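Reviewing the structure listed below.
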């Protein structure tokens, strides 16, 4: 994929496996957020083939909770790569619940 090749070039890597092994993913950088008590909210489509939910959001949720972090996930059934909700009420309510 051309986009993956561009990303590899930016990070001066030769293959996708190296990129994954370098722990550049936010999934591998959770300890400071959990330690600070920062809650996370993800809105994800379960048909996303760009950022697959099983490899990203659900993995992040599992790891974050294991670190004591609070994370909520809103799954949009049958939806591919998504950037929000038609009705933003759940997002606003999340902010209201966790805002200080």
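Can you give me the number of residues within region 38-73 that are assigned to a loop (DSSP other than H, G, I, E, B), surrounded by fewer than 17 Cβ atoms within 10 Å (Cβ to Cβ) and in contact (Cβ under 8 Å) with a residue 24 or more places away in the chain?
10
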>> Here is a check on your reading of the model: is residue 77 closer than 29 Å to residue 12 by Cα and out of contact with any helix residue (DSSP H, G or I) (no Cβ under 6 Å at 6 or more places or on another chain)?
In response: no
> Residues of region 80-98 being at pLDDT below 95, surrounded by 14 or more Cβ atoms within 10 Å (Cβ to Cβ) and touching a strand residue (DSSP E or B) at 6+ places or on another chain (Cβ under 6 Å), which ones?
Replying inline: 82
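The values are calculated or read from the model by the stated rules, or taken from the named source; none is laboratory data. Since we're looking at a predicted model, the values are computed, not measured. Cβ coordinates were reconstructed from backbone atoms using ideal geometry, including for glycine residues, and neighbour counts include every protein chain displayed.
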